[in-house]
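Taking it in order: structure first as structure tokens, then the write-up.
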Amino acid sequence: MFQNRCRAGQALAKMLLPYQSEDTIVLGIPRGGVPVAFEIAIYLKKPLGIVLVKKIGHPMNKEFAIGAVSLNTEIIHSNHKISEAYIQNEVDAIRQRLLEMKNYFKGRDHTNMQLKDKVVILVDDGLATGNTMLNTIALIKKCYPKKIVVAIPVAPKEAIDAIKKEGVTLVVIEIPYFFNGIGAFYEDFTQVENEIVLDLLESKQLIANKSENY
């Protein structure tokens, strides 16, 4: 049981210390993953960003992902027979929403070639099915990072097994036998608002700027 996302991030950060000596960037998945990622970035003294990715829903069931989109690229799972017109319309609409998010967060999305040859630590506050993380990993791979590290406080075994198949390094604190939702493993699982995400990103930047001036 974690007190809150900050405490979970602090616990994960100690497990990620080997990456302090690498060319590393910490990316939080908005919104719940950002407070966790903030603590890791502070501890490792590494840049903090966000990764803006949204799934493409199946036309008959929007919750069922047939692919994912970032601002720079997209992936389409080839085992679904969906019209090109539908996919293109969805990609365009999702990319517009992501652009609005990028503007709100002042350009701190890092799903682009800035990740080339870096160690990328992907952070969320937990996994349920793992589908969001799987799609994020697939898109980050297109940016040619040196290594992808997935850091999460809690996830069920099924999600962990799915992530392991992607050939990434996995750092996880708890893999409970009984899993009934991420929130069950936090004392405080208050929803993270956009304003909090922006505050954390700006606070990290201020700390980094202050360090560079000393």
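So Ala65 fits all but one of (1) assigned by TED's automatic domain parsing to the domain that holds Leu139; (2) within 22 Å of Ala155 (Cα to Cα); (3) small (Gly, Ala, Ser); what number is the exception?
(1)
Could we say that Gly126 is in the same structural domain as Ala37 (by TED's automatic domain parsing), over 29 Å from Leu198 (Cα atoms) and of a type in the set (Gly, Ala, Ser) here?
For Gly126, the condition - in the same structural domain as Ala37 (by TED's automatic domain parsing), over 29 Å from Leu198 (Cα atoms) and of a type in the set (Gly, Ala, Ser) - is not met.
Which condition number in (1) at negative phi; (2) touching a residue at least 60 places away in the same chain (Cβ under 8 Å) is the one that Lys106 fails?
So the condition that Lys106 fails would be (1).
Is it true that some residue in segment 85-94 is closer than 21 Å to Asn194 by Cα, in contact with a strand residue (DSSP E or B) (Cβ under 6 Å, 6 or more places away or on another chain) and not assigned by TED's automatic domain parsing to the domain that holds Val192?
Yes, some residue in segment 85-94 is closer than 21 Å to Asn194 by Cα, in contact with a strand residue (DSSP E or B) (Cβ under 6 Å, 6 or more places away or on another chain) and not assigned by TED's automatic domain parsing to the domain that holds Val192.
In segment 26-57, what residues are basic (Lys, Arg) and within 14 Å of Gly126 (Cβ to Cβ)?
Within segment 26-57, just Arg31 meets the criteria.
Considering Ala138, Ala159, Ala155, Ala128, which residue is closer than 18 Å to Asn72 by Cα and touching a residue at least 24 places away in the same chain (Cβ under 8 Å)?
From the options Ala138, Ala159, Ala155, Ala128, the qualifying one is Ala138.
Where the second residue is of a type in the set (D, E, K, R) and assigned to a helix (DSSP H, G or I) and the first is in the same structural domain as Lys157 (by TED's automatic domain parsing) and lies in segment 171-197, which pairs have Cβ atoms under 7 Å and are six or more apart or on separate chains?
Ile175/Lys157
The values are calculated or read from the model by the stated rules, or taken from the named source; none is laboratory data. Model, not experiment: these values are computed from the prediction. Note that we place each Cβ from the backbone using ideal geometry, even for glycine, and neighbour counts take in every protein chain shown.
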